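Reading through the structure tokens given below for one structure.
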Amino acid sequence: MRVTYEKPSAEDYVSLRLRSGMGNKDLMRSRIALRHSLFTVSLYEEGALIGFGRIVGDGGITYVVSDIMVDEAYRRKGYAERIMEEIDRYFEENTFEDSYICLIANHPADILYHKHGFEYLPENKCGMLRRHNNLRIK
């Protein structure tokens, strides 16, 4: 297995999304997303992208862990753990005590993230997602 911090092609990224069960994304928007990532880690086996993770954000205050995925054929071999270790290293070297570091997890991936210092929000805070249609409820 080879680890690289270079951004994969959008084609490889979308292919891995499908092979990992994360679902399809538009190729052009995927190119934009990858280009604007703060940090990426890619795992390759025999030239094929088998694992990926990235950090998006502003590089100063807010950081979001995104797209942690491993090809279904390579699961349960510690690859997601390896991706998170590389992301942890980035955070240790590039963030500050008052940085916001967040993610949205699907179950059961929250178990992995918990091992890397992520916790559920306290009772006085809540996570929210914005609806794509931007309608306000009155």
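The values are calculated or read from the model by the stated rules, or taken from the named source; none is laboratory data. Bear in mind the structure is a predicted one, so any value in this text is a computation, not a measurement. Every residue, glycine as well, gets a Cβ built from its backbone with ideal geometry; the counts of neighbours run over all protein chains shown.
Residues in the range 19-48 that are surrounded by 14 or more Cβ atoms within 10 Å (Cβ to Cβ), in a helix (DSSP H, G or I) and out of contact with any strand residue (DSSP E or B) (no Cβ under 9 Å at 6 or more places or on another chain): Ser30, Arg31. When restricted to residues that are more than 13 Å from Met69 (Cβ to Cβ) and crowded, with 16+ Cβ neighbours inside 10 Å, the range 1-18 contains 2. Flag: Asp88 does not match the condition of being outside any helix (DSSP H, G or I) and of a type outside the set (Phe, Trp, Tyr).
Under the condition of being under 14 Å from Glu11 (Cβ atoms) and either touching a Pro at 6+ places or on another chain (Cβ under 8 Å) or modelled with pLDDT under 95 (or both), the residues counted in the range 21-59 number 4.
Only one of the numbered conditions (1) in a loop (DSSP other than H, G, I, E, B); (2) within 15 Å of the chain's Cα centre (by Cα) is not met by Gly59, and that is (2). Yes or no: Ala73 loosely packed, with under 12 Cβ neighbours inside 10 Å, in contact (Cβ under 8 Å) with a residue 12 or more places away in the chain and in contact with a strand residue (DSSP E or B) (Cβ under 9 Å, 6 or more places away or on another chain)? When the stated conditions are applied, Ala73 passes them.
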